[in-house]
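Notes follow once the structure below has been shown.
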Amino acid sequence: MENKKTITILVCVILLCVSCGSGTKKPNVPFVESSSEYYDEDVIVPFNEYGGVRTIQVKINNCSEFPMIFDTGCSGMTLSIAEVYVLAKQGCIFAEDIEGYGYSTIADGSIVQNMIINLRQIQIGDLVCHNVKANVSDNENAPLLLGNGVLNQVESFSTDNLNKTIKFHLK
């Protein structure tokens, strides 16, 4: 319970301090598109690998870009409070983006409570996803995870280890 209060207070203070008015909230319907004119296509993005962990660049709400772990074992998308602070400071996240709270099982098997926010847009190369739910960890050093909450929105994906790329095939 104390964890929930801490996250709520921290995020609300951040959002209230940096918001310069209310933005209009778009419908909360997830969908995927490509920035190119063709829809049935492949989007290929490079990845970096550190100790067997693959990361790809993800741009959030058309603002900041962060390296995120490409994690097919993760059910959703996870940000730390540090990234939420950066996005709020840039005016890219608003109070109305807070969806509430949920529980997550982390890699060690323990269950943690996280704030859930709506990311209006994430972009991975030419792949654009709208209204993606993300868990926010109150741990500033929590890894940023791109999981099945996004990956399930594409028809398929494959990894090319030789060229260090990930290919997303759009539906």
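The values are calculated or read from the model by the stated rules, or taken from the named source; none is laboratory data. As the structure is a prediction and not an experimental result, all values here were calculated from the model. Note that each Cβ is placed from the backbone with ideal geometry, even for glycine, and that neighbours are counted across all protein chains shown. These accessible areas exclude ligands, DNA and RNA; they are computed on the full protein's heavy atoms, side chains included. Shrake-Rupley method; radii C 1.70, N 1.55, O 1.52, S 1.80 Å.
Using r as the Cβ-Cβ distance of D126 and A95, and R0 as 30 Å, what FRET efficiency do you calculate, to the nearest 0.05? That gives a FRET efficiency of 0.45.
Does the range 67-137 come out rounded, prolate or oblate by the C-alpha gyration tensor, with a ≥ b ≥ c the root eigenvalues, rounded set by a/c under 1.5 and, if not, prolate when a/b is larger than b/c and oblate if not? The shape class here is oblate.
Probe 1.4 Å, all protein chains in place: accessible area of L144 in Å², nearest 10? Approximately 20 Å² of L144 is accessible to the 1.4 Å probe.
If you plug the beta carbon distance of I116 and L162 into 1/(1 + (r/R0)^6) with R0 = 41 Å, you get a FRET efficiency near 0.65.
Computed with a 1.4 Å probe over protein heavy atoms only, the accessible area of E99 comes to about 80 Å².
Per-residue surface analysis assigns K164 an accessible area of about 90 Å², computed on protein heavy atoms at 1.4 Å probe radius. Taking the protein heavy atoms of the range 47-171 in the context of the full set of protein chains, the accessible area attributed to carbon and sulfur is 48 percent at 1.4 Å.
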